[in-house]
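All remarks here apply to the structure that follows.
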Amino acid sequence: MGLRETVERIAAMPRPPANEEAAKMRVLVPMLAELGWDVHDHHGTGEVLWEHPIGPGSGAGQKGRADIALTTTGQGHRLVCLIEAKSPQEDLSKHVDQLMGYAFHEGVDICVLTNGLEWWLYLPREPGPAADRRFAELRLSSSSHQHVAADLEAYLSKSSLSSGESVRRAKEALSGLREAERLTAEMPRVWRQMLDKPDQELVDLFARRVHDRTRLWPSPEAIAAHLQGKPSDMVPAARPGDSPKGTHPQIERRPEKLPKAVANRPRTVVLWGNATEVTRWTGVMVCVAEAVYQQHPHDFLERTKAMAGRKRPFASQDPADFTRAGQIASSGVWVEVNHSADGTLKKCRRLLEVFGYSASDLEVLTQG
């Protein structure tokens with residue numbers, strides 16, 4: 001039975017184990033076994049140490065015991081992860097401080113709190129409160145089983161923990177979460193500022209979209225009022241299809257018609273509300289691929305196999321696989337960028353769909 005099948009079986013249990021010991025035997029033992037750990041050595045010197053003593057505990061002179069300690073064997077016998085297992089009825093948030101105390105005392109880089117169906121993964125040596133050190137939260141009952149299995153493999157497998165790869169990936173994930181939190185906090189503020197005092201680029205864009213739909217030009221004042229949520233009638237031009245004259249200086253001049261080669265050049269990639277300036281279609285391909293890779297670093301290569309052509313893959317760690325390769329920054333992954341403008345757009349939209357996003361999330365603004 002593979003790891004994904006084990007995850008599916010545990011998630012489908014009609015009645016989760018009622019106590020911690022049963023949870024370890026029915027959930028953790030098969031899970032750790034699929035992750036490459038020898039769970040059958042109970043002599044206190046193997047890879048999986050049960051009821052690992054830790055002291056002092058929370059009270060003076062008290063000792064604690066971590067439910068599971070994962071260690072490297074052979075020379076060094078180094079402790080690499082602590083796991084606290086609670087019953088499915090337990091509120092995990094009540095046990096975070098205990099886990100952090102154990103992890104601090106043992107000096108491990110990764111620790112886990114789980115009730116079998118939920119897995120909270122932490123980097124205990126990072127600064128800040130415990131909530132800011134949680135880099136992954138896996139829910140077997142509501143998340144994709146494939147994604148849960150991939151994350152467990154990436155962070156808790158014997159090979160990843162022993163090599164230190166787990167810590168590197170965890171730090172990348174935590175950094176991504178912090179960046180996402182910052183974006184979540186800042187984007188509403190930036191948007192409010194743009195609405196309170198619309199800049200010319202936003203006014204022009206809105207005016208052009210309205211004109212494309214109605215063949216009428218709204219006034220800048222009407223646009224600003226609409227963006228700010230104030231009641232206002234749109235002011236059309238004297239004749240449908242005409243550009244505004246006199247009273248609409250901000251948008252009365254249309255850009256000169258560019259040569260086709262220039263007009264077709266991309267200038268901005270807009271994806272999930274983020275705008276990135278580009279100068280070539282190769283940059284569009286790399287920009288979109290990098291954005292998706294940042295969200296799915298662990299299964300990017302596997303899932304993009306569905307986009308492989310007859311002769312070449314969509315993505316690879318070997319640039320020699322491509323006619324013209326573009327690298328996803330600092331990832332060691334390359335993509336084919338030898339496409340026409342239309343081909344690039346089709347590839348980018350297909351990539352979004354493969355990962356469950358909408359093709360309409362992407363907009364490429366060109367020079368013309």
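The values are calculated or read from the model by the stated rules, or taken from the named source; none is laboratory data. From a predicted model like this one, the values you see are computed outputs, not experimental measurements. Note: ideal-geometry Cβ built from the backbone for every residue, glycine included; neighbour counts use all protein chains shown. What goes into the accessible areas is simple: the full protein's heavy atoms, side chains included, and nothing from ligands, DNA or RNA. Shrake-Rupley method; radii C 1.70, N 1.55, O 1.52, S 1.80 Å.
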Exactly one of Glu201, Glu172 is at pLDDT below 85 and open to solvent by 80 Å² or more (accessible area, probe 1.4 Å), and that one is Glu201
Counting only residues that are within 22 Å of Glu363 (Cβ to Cβ), under 33 Å from the mean Cα position of the chain (by Cα) and among the hydrophobic types (A, V, I, L, M, F, W, C), the range 181-229 contains a total of 11
*Is there a residue being of a type in the set (Val, Ile, Thr) and surrounded by fewer than 18 Cβ atoms within 10 Å (Cβ to Cβ) anywhere in the range 274-287?*
yes
*On the given criteria, is Leu227 modelled with pLDDT of 85 or more and either touching a Cys at 6+ places or on another chain (Cβ under 9 Å) or over 30 Å from Glu118 (Cα atoms) (or both)?*
no
Query raised in the report: Do the conditions hold for Leu99, that is, is it buried (at least 16 other Cβ atoms within 10 Å of the Cβ) and in a helix (DSSP H, G or I)?
Result: yes
Val167 - would you say it is in contact with a Pro (Cβ under 7 Å, 6 or more places away or on another chain) and open to solvent by less than 80 Å² (accessible area, probe 1.4 Å)? no
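One line per residue, one yes/no per condition, for (1) open to solvent by less than 40 Å² (accessible area, probe 1.4 Å); (2) at pLDDT below 85:
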site	(1), (2)
His42	no, yes
Trp50	no, no
Val80	yes, no
Glu84	yes, no
Gln89	no, yes
Val108	yes, no
Trp119	yes, no
Tyr122	yes, no
Phe135	yes, no
Of the residues in the range 152-175, those that are farther than 13 Å from Glu126 by Cα and of a type in the set (D, E, K, R) number 4
